[in-house]
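Please treat every number below as a calculation from the coordinates, not as lab data. Computed from a predicted structure; not experimentally measured. With ideal geometry, Cβ positions are generated from the backbone for all residues, glycine too; neighbour counts draw on all protein chains shown.
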Amino acid sequence: MSFFRNFPTVNYFFGNEISPAVFQNLTTYIDLIDQVSDQSSFYEEYYIPDGYRPDVVSYDLYGTTDFYWTFALLNSKLRLQGWPLDEVEVYEAAKKYYPNLVLFTRFKMWNEFFIDDILIAVGSGNKNEPDFKARILEKDHNLGQLIVKPIREVINVTVNNAGSGYTTIPTVTISGGGGTGAKAAANISGGSITSIEITNPGDNFTSVPTVTIGTPNQPGVQATATATISSYQTIANNSEVYSYHDGDNHPDNTTWPALASGNVSALTIWGSAKQHLAPHHFEDANKDHWDPPILDPDVDGDPIETNIINNQFLNAFNVTEITNQERLIAENEELRKIKVFTPQAAIQINTEYQRLLRS
């Protein structure tokens, strides 16, 4: 039986169609289930097994797939959040919902390290060739977290074949690879390409883009080149990171001042984690959310440092770290616990529901 079979019809215009189509009115609502949803004699508790679809649950309970629609109407959490994911899907969803990187610090971040600013770690390089570069998306003062999106940019273009016949500078086009914004300019000498300089490294590249050099303006051979993209996906523990902010101006990938600039802030991070494995919150023994107390002074004497979230600190307060992934797993587990109509009630409810639709 189709759940929508008895829904009243309306004339509905799809797109730019001139003539209406007769279509079921999907906005039709009958409050029958609302009237009985709190009457315990009509329902029982049910745990949705891993991988069970609504029609499978219906067949498991009632010997028919026809009553799948009752689950969403009887459980508001299913209407709001959807059907629970299976075990594998939860882990994939965690990576999808939390795709970034979290940097942990013991130091204050007030009035510095602003959202949308670029953060770099110099390491053994320099500010123009940093070991790590990312854009700041969020920051959490209580947990001492900076949520950042590592920048995937073009960092080098290597000339594979210098070509010949170039008496004027050709265009250089960087395309594909999932990213945008990358630009480069060629240098020529003696009719050949001597080097290619990046004028804008772009961002969001998931694979190596294609570099196309314009054809020579004199008879000759067209030059070729290959791009290299950054791999800023990890950062060393205890790294010194820098962020530049000048009023409402956020720097792009091409402009960064000297590290001695008054608008550059420095911060030491003690570690990092993929966002889905980073702490979402902490819980005490009663499963209540726990807010870290402010330590004054902190272990190294700074009276306005943020909290130190490490194992020794957590053990002292008897609290447990809950990661973003663990939180999603717990929420998905709660979605599995639903109310279902007893077999007799399901038959009665379905019969009356369809009768009211037809009336």
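Derived from the Cα gyration tensor, the three semi-axes of the equivalent ellipsoid of the range 154-227 are 23, 10, 9 Å, largest first.
This ranking places Trp83, Trp110 by how few other beta-carbon atoms lie within 10 Å of each, fewest first, which gives Trp110, Trp83. Separation of the range 108-162 from the range 213-241 is 18 Å, based on Cα centroids. Relative contact order for the range 100-201: 21 percent, from Cα pairs under 8 Å spaced at least 6 residues apart, divided by residue count. Look at the alpha carbon pairs under 8 Å that are at least 6 residues apart: their mean separation over the length of the range 154-227 gives a relative contact order of 44 percent.
Footprinting exposure proxy ranking of Asp246, Asp116, Asp203, fewest other C-beta atoms within 10 angstrom first, gives Asp116, Asp246, Asp203.
Sparse packing (at most 13 other Cβ atoms within 10 Å of the Cβ) combined with a DSSP loop state is found for none of the GluC sites (Glu not before Pro) in the range 148-242.
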